[in-house]
Structure formats: structure tokens, C-alpha cells
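*Asks:* Structure below; questions to follow.
The values are calculated or read from the model by the stated rules, or taken from the named source; none is laboratory data. Worth saying up front: this structure is predicted, and the values here are computed from it rather than measured. Here the Cβ positions follow ideal geometry from the backbone for every residue, glycine too, while neighbour counts run over all protein chains shown.
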Amino acid sequence: MNIVPIPRLVGADRLAADPQVRGLLTRLAGCPDDSQEYADALLARIAWSRIAEPGDGVAGELLAALGPERSLQLLIAGVTPVQLRDAASRAGVDLATCAAESALGRWLPRVDRAETMRDIERGMEADLCVIVPGDAAWPILLDDLGPHAPFLLWVRGDPVHFASPSLSVVGARAATGYGTHVTAEIVAGVCAAGFSIVSGAAYGIDAVAHRTALAAEAPTVAVLAGGADRAYPQSHDGLLGKISVTGAVCAEMVPGAAPTRWRFLQRNRIIAALSSATLVTEAGVRSGTLNTAGHAAELGRALGAVPGPVTSVASSGCHKLIREYGAALITNAREACELAGLGDELEIFRDGSQVSGETGGTARQPSAHGRVIDALPLRGSRTLIEVARLAGLSVGEARTTLAELELLQEVARRDDPGAAEQKWALVRRQ
């Protein structure tokens, strides 16, 4: 990508006054909105992603009350702690003078327009895009973090994957053979059920979860503690490249930012927030993975843990989550899908032979028959369109197969009073 030199901005009243800057910001956001207002707000959020550390609640409250532009303008204008307190108070935020003084001490040394322009250049050179709250691609689950939500996300890959139903899978970096095996087995089943996988691209369990999703040709999202263009660990550069092709790599830190211990801990809140459920497959009692579990619990997300041998130190953290924190005990993919909120579609994990009925001798069941039977719940019924979607067949193919199965007395029509469409159900054998 050819990068056009970006001029420094002048004047605190218009943060993105130069049309050239507006054009670059629009390209970075992949957004058709090239208005001055959108460019101003976007540039301000990019600046704040450098100014404040992840999870800075004071900054989050200020931006929510005053907006990113006005908040940044106050810093550029050299606001005093008292002035910042008064501005926040007028906007409905209760900010003590000492807290305002502490915040300005953190923020002001990082207010650097030249560095913000370089952040934009680095992002474009790395083929990153930016999404912010209010964008169509913004994962609204992150809003549950309140004032601790990220100001934006730098993304390598397609942000559309944030909208997919997902399960966050985390665990120890020093994974055992048991942890590796059980993680791969569960993730493979979860992906087969249509979920994407969210994790942190670390060694051990994270890497197994990502690689299993890639092998299953399912989307996977990696959340990094540093910049989205900076592989960490470095040996996972190839893995992250593959994830960015079929999924997404994201970070709230500016491009090139180094991961730190604090940023790793704060990164975990995003992993927990991006999914409806978090599963810990292996972790010791001192594992940083328990930090992610804590964020999930605070957010009210479903939390699950895989048990291990009682003699295994590597599973002691999982046992603690189950015993002391009410984590659901998860032993297979079906239970993991239940944790994530998947209901009657769980019949995909059934052995078709258990419900196929008496097809006569050892005759081999046509594949379409098995797929349609698997698409029907053990109890209840589904419409033709629902059956076709779950079976991976066209509506015409599903209709023909249902007719054949009806003749074989494997399925039956269910006429529900008031239903807009006719439904189909399995014939229950006595």
C-alpha cells in the first residue's frame, strides 16, 4: 500500500481539518462516511487509544460524557485538574480533583499529534482497519464493559467475524497432552456447530484453539495485548497471518505497541466480553487464565471449565472455578455448546444410527436422509426451511428427502394450529 505523507494538524478547534487526513481516515475505517464530523471523531479516538492505557475507567467515563473530540480538545488546550473536574461535572460525571490531577498526569505526556499521525500510517502500512462504537461492524457485546470498554479496535482481517456466535476458549500456556487433546476435541465440535472461536493467540491452549478452528475452516478471532500488527509471541506470526485471512486479529492498542503485563490482563476483558460464554480447558491456580474467567463472571457471561485428573496441578485452576466460582463442568463439545446457548440444534452431535429407525437389514442409509434426520430435534419440530439450512441442503433437496423419509415412516408432518408453515418431526419409536 502506498502511504501518502500526512501533514500535522493545526488548531484545536478542528482536529481533522485537512481533507487529505479525512480521506486517509475514511480509508482506514473502510467507511463511506467521509464527513468532517466522522473524521474528527475517528481521529480523536485514535489519539485516545495512544493517550490512555487499556481499561482506563476515568477516560472511558469522560469520553462517554463529553465525547472523544471535546475530551481531546481539553487536553490540547492545557486544561487544569479543576477545569477538567468542572467540565466533567457539567456533563454529569463525578470526578474528584485529585482523580483529575492523576488522570492528567497519565495522559498529557502522551498527547502527541505527530505520533498519532504515525499510528495512522503504521496502521495503513500493516493493512489494518479501525472500527469504533456505532460502526456496523462494532461488536456490541463490548459495550457491556461500560467505561472500561475499548475506545476502538484495530483489526487485521474482516471485522464481520465479530458478529458470529462465538465461544471464548482460554487456558494455560504450558498445556499438557491432556489439555491439548481435550481442547482440540471440544473446539472441533463447537466449530462444527457453527461457532467461531475467540482466544488470545498465546502459547498452549490458545494456540490449540485457534489452530483447531482453522483446521475446521471456522472463523477465529485473536485478541492481542500489543498492536494488531505485532505478533506476540513472535513465533506465532504465521498463525496470526492465517487467522487474519479467514478470521480477524484485533487489538485496542495502537500499531506497534508492545504488550505489557498490564495490557495482557486488560486484553483478557475483551476476550471475555466478545463471546456469550468463556471456557477454560486447562489452568493452574496461579494461571493468568483465571483473570479472563473473572472478567467473564463480572460481565455475567456463562463460564465453564474442563476438569482434569485430581492429581494434575495443570487442572487445579479449573477445579477451583468449578468448586468455588460456580463454573459449569464441561466434558465435551455438546456441553460446551449448551454453555454458549445453543439449544435444540445440539442434535448434530447425535449418532444418527440411534434415531434412524428400522431401515431394514444392513442397508446403507442415503447421506441426505442422515443429514435431514440430524437436522430434526429429538423433541419438537422444524420447518422445511430450517431443516434445509441445518442439513446443508437446498430447499428442494430437503423437501424431496423429507417426502422419502415420510414414506419410510421416519418423519411425520406436524400441523401446529396458527403456524405459518408446516413443520416436520421425527417419528418416535416405542
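*Asks:* Determine whether region 298-315 contains at least one residue that is in a helix (DSSP H, G or I), in the same structural domain as PHE264 (by TED's automatic domain parsing), under 24 Å from GLY177 (Cβ atoms) and in contact with a helix residue (DSSP H, G or I) (Cβ under 9 Å, 6 or more places away or on another chain).
*Replies:* Just the residues of region 298-315 that are in a helix (DSSP H, G or I), to begin with: 298, 313-315.
Restricting the remaining residues to those that are in the same structural domain as PHE264 (by TED's automatic domain parsing) gives 298, 313-315.
Okay, now just the ones that are also under 24 Å from GLY177 (Cβ atoms), so 313-315.
Still in the list and also in contact with a helix residue (DSSP H, G or I) (Cβ under 9 Å, 6 or more places away or on another chain): 314-315.
Yes, the conditions are met somewhere in region 298-315.
*Asks:* With the checklist (1) at negative phi; (2) in contact (Cβ under 8 Å) with a residue 24 or more places away in the chain; (3) not acidic (Asp, Glu) in hand, flag the one item GLY92 doesn't pass.
*Replies:* Result: GLY92 fails condition (1) only.
*Asks:* Look through region 320-330, keep the residues that are closer than 16 Å to SER287 by Cβ and either touching a Cys at 6+ places or on another chain (Cβ under 6 Å) or of a type in the set (A, V, I, L, M, F, W, C) (or both), and return whichever of them is surrounded by the fewest Cβ atoms within 10 Å (Cβ to Cβ).
*Replies:* ILE322
*Asks:* Is it the case that GLY317 is surrounded by 20 or more Cβ atoms within 10 Å (Cβ to Cβ), over 25 Å from PRO219 (Cβ atoms) and in contact with a Leu (Cβ under 7 Å, 6 or more places away or on another chain)? First the steps, then the outcome.
*Replies:* Numbers: surrounded by 20 or more Cβ atoms within 10 Å (Cβ to Cβ): yes; over 25 Å from PRO219 (Cβ atoms): yes; in contact with a Leu (Cβ under 7 Å, 6 or more places away or on another chain): yes.
For GLY317, the condition - surrounded by 20 or more Cβ atoms within 10 Å (Cβ to Cβ), over 25 Å from PRO219 (Cβ atoms) and in contact with a Leu (Cβ under 7 Å, 6 or more places away or on another chain) - is met.
*Asks:* Just wondering, is there one or more residues in region 152-162 that are farther than 17 Å from THR278 by Cα, surrounded by fewer than 17 Cβ atoms within 10 Å (Cβ to Cβ) and of a type in the set (D, E, K, R)?
*Replies:* Yes, region 152-162 has at least one match.
*Asks:* Among the residues of region 268-291, write down those that are closer than 20 Å to PHE151 by Cα and not in a loop (DSSP other than H, G, I, E, B). Talk me through it step by step, then tell me what you get.
*Replies:* To start, the set of residues in region 268-291 that are closer than 20 Å to PHE151 by Cα comprises 268-275.
Of everything in region 268-291, those that are closer than 20 Å to PHE151 by Cα and not in a loop (DSSP other than H, G, I, E, B) turn out to be ASN268, ARG269, ILE270, ILE271, ALA272, ALA273, LEU274.
*Asks:* Please go through region 78-119 and give me each residue that is crowded, with 19+ Cβ neighbours inside 10 Å and charged (D, E, K, R), ordered by number.
*Replies:* ARG85, ASP119
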